[in-house]
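Before any comments, here is the structure.
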Protein chains: 2
Amino acid sequence: MLARVSSTPSFKRLPRAVREQQMLDAAVKVFSRRGFHAASMDEIAEDAGISKPMVYAYLGTKEELFIACLHRETARMMLAIAGAAAPDLPPDQRLWRGLRAFFGFVGAHRDGWAVLYRQARGSQPFATELAAMRARLVEVVAGMLDHALRARGREVAATELEVVAYALVGASESLADWLADHPEAEPEKTATRMMNVAWLGAAQLLDGVTWRPPTD
Amino acid sequence: MLARVSSTPSFKRLPRAVREQQMLDAAVKVFSRRGFHAASMDEIAEDAGISKPMVYAYLGTKEELFIACLHRETARMMLAIAGAAAPDLPPDQRLWRGLRAFFGFVGAHRDGWAVLYRQARGSQPFATELAAMRARLVEVVAGMLDHALRARGREVAATELEVVAYALVGASESLADWLADHPEAEPEKTATRMMNVAWLGAAQLLDGVTWRPPTD
DNA sequence: GCGTAACCTTACGCACGAGTAGGTATGCTC
DNA sequence: GAGCATACCTACTCGTGCGTAAGGTTACGC
C-alpha cells in the first residue's frame, strides 16, 4: 500500500536519549516561533525529523512536552548562573558575575528564552512551574542581600528583602526581554546597565539610606 | 418549538453601550481566570448574561474582543497615572506620584491586570499592542530622567536612558505581578519599596555616579 | 538466518469551540 | 396600532489539531 521505496533509507534509527534531545530542540524552536497554543505537535514532529506518535511515546502530552522544555532550559540557565557566582565573593562581585552569566545565557539562547518564558508566564499550568524557579532565584538574591546586610551589622525584615529581591529579578527579566528583542545588543553591556540601576540602589539600601514618602 | 415561557421576562432590553460594557467586564473576568486560549466565547457570553451572537455582533472576533479589553484597561490605567504625575513637580515627586497611582490601580484591579497583561505578553498579536503602550510609558520615564539630567547640566545618550527607563518599568511591572498575587499587600507600601530601589539608584545615576565592571 | 523487541510509520477518531444562519420579541415613531 | 429598527435568541456548521490504533521495518542476540 505504501510506496516507501527503499531508495531512501535516510531514516537512521537512533537511541531514545538522542531522539528525545532532538525533539526537545525542535519543541523549543517551534514553541518559540508560534507560542504554546499555535504550535502544533505535527510541526514539532516534522521539525524534529520524526513522526508524531514518537513524540507522544517519548515525551507525552503537549503540555508535558512544554514542561519538559521548561525544565531543560531552566536547568541549563541555573547551571550557568550558579557556576559564575561563587558564594565567597563580595556581594557586588557576586551580583555582577550572576548578572553577566544570566544575560550571557539569554543572549546565547534568545529565541529559546524569549517566548518560552513569556509564554510560561501566561497560562496557569506553567505559571506555577515558572514561579517556582523564580522563587529560587529571588531567594538567592535575597540571601545575598541579607548576607551583605549582616556583614554591616544591620538587619531588615525578611519580607522587605524579598520584595527588593523580587524587584531586582523582575528588572533583570525585563531587560532580558529587551535583550531578546534587540539582536544587536551586547549581553555584557546590558549586564553593566543593570548593575548601574540595581547595585547603586541596593548599595544605598544596604547602607541604610532609604527614601520616605512625603507627607503631602 | 422553543419553550420560552413568558414567566421570565427577566431579560431587560438594554442599549448597546451598556451591554458592551457588561461584555467587556465579563471578558476581562473570564480572560483573567482562564487565559486567552482557554477562555471560551460561550463562557464570556454566559457571564455577561447574554448569548454568544450578541458578543460577535457588538465586539467582533475573540481576538478583537481581547484587544478591546486591553484598550479599555490600558486607557483607564494611563488616565490614572497621567492624572497623578503633574509635569511641573520635581522628578522624585513625579516618580513617586506616578508609582503610587500605578500600584493603586493594579491593587484595585488585581485580577484584571494580572492575567490580562501576563497574557498579552505571550502571543504575537497582542504583544505588539502591549509593547506600544509600554513604549509610551518608557518614553515618559526616560523623558523624566532626561529632564532631571539637563537640570543638573548633564547629558546622556538616548539609548542609555531608554534602557534604564526600561529596567524601571520592568521592575514596576514585576512588583505589580507580585502585588496581584498577594491580596494582603498594600499598594502604597509597594510603591514606597519600589521608590527605594528605583529612586536611590536613579538619583545616583543622575548625579553621575556609575558602576564600572571590574577588569577581572 | 531467524525471532523478538524496539523503532517508526500512515491514517484515522473525536472533541471542542469559533463563528453564523435565520428567526423572534420589544420598544419607538407617527 | 402599523411599521421599522434594533435587541436578542436557539441551534447549527465546520475547521483544526490532539491523541491513538494498527501495522511496517531495522537491528541485534543466539
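Worth pointing out:
- B:Gln124, sole failed condition from (1) within 14 Å of chain A (Cβ to nearest Cβ); (2) surrounded by 14 or more Cβ atoms within 10 Å (Cβ to Cβ); (3) free of Cβ contacts under 8 Å to residues at least 12 places away in the same chain: (2)
- One residue from B:Val140, B:Val115, B:Val156, B:Val163 being farther than 20 Å from A:Val163 by Cα, of a type in the set (A, V, I, L, M) and not in a helix (DSSP H, G or I): B:Val156
- B:Val28 surrounded by 17 or more Cβ atoms within 10 Å (Cβ to Cβ), under 30 Å from A:Ala120 (Cβ atoms) and away from DNA strand C (no atom under 15 Å from the Cβ): yes
Each row is one residue, and each column tells you yes or no for (1) among the polar types (S, T, N, Q); (2) within 20 Å of the chain's Cα centre (by Cα); (3) surrounded by 21 or more Cβ atoms within 10 Å (Cβ to Cβ).
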residue: B:Phe103; (1), (2), (3): no, yes, yes
residue: B:Val106; (1), (2), (3): no, yes, yes
residue: B:Ala131; (1), (2), (3): no, yes, no
residue: B:Val156; (1), (2), (3): no, no, no
residue: B:Ala167; (1), (2), (3): no, yes, yes
residue: B:Gln204; (1), (2), (3): yes, no, no
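- So B:Gly98, is it more than 16 Å from DNA strand D (Cβ to nearest atom) and either modelled with pLDDT of 85 or more or touching a helix residue (DSSP H, G or I) at 6+ places or on another chain (Cβ under 9 Å) (or both): yes
- Lone unmet requirement of (1) at pLDDT 95 or above; (2) assigned by TED's automatic domain parsing to the domain that holds B:Met144 for B:Ile44: (2)
- Conditions (1) surrounded by fewer than 18 Cβ atoms within 10 Å (Cβ to Cβ); (2) more than 9 Å from DNA strand C (Cβ to nearest atom); number of the one not met by A:Asp42: (2)
- Matching residues, segment B:23-74, being near DNA strand D (Cβ under 10 Å from one of its atoms), in a helix (DSSP H, G or I) and not hydrophobic (A, V, I, L, M, F, W, C): B:Asp42, B:Glu46, B:Lys52, B:Pro53, B:Tyr56, B:Tyr58
- Residues in segment B:169-202 that are within 8 Å of chain A (Cβ to nearest Cβ) and more than 18 Å from the chain's Cα centre (by Cα): 10 in all.
- Meets criteria (modelled with pLDDT of 90 or more and in the same structural domain as A:Glu188 (by TED's automatic domain parsing)) for A:Ala108: yes
- Of all residues in segment A:45-84, those satisfying the criterion of being surrounded by 15 or more Cβ atoms within 10 Å (Cβ to Cβ) and of a type in the set (Lys, Arg) are A:Lys52, A:Lys62, A:Arg72.
- One residue stands out among those in segment A:45-69 that are charged (D, E, K, R) and within 13 Å of DNA strand C (Cβ to nearest atom): the one that is nearest to the other protein chains (Cβ to nearest Cβ), which is A:Lys62.
- Test: A:Asp88 is more than 20 Å from A:Ala176 (Cα to Cα), without any contact (Cβ under 8 Å) to a residue 24 or more places away in the chain and not assigned by TED's automatic domain parsing to the domain that holds A:Glu173: no
The values are calculated or read from the model by the stated rules, or taken from the named source; none is laboratory data. The structure displayed is predicted, hence computed values, not measured ones. Here Cβ is always computed from backbone atoms with ideal geometry, including for glycine, and neighbour counts include all displayed protein chains.
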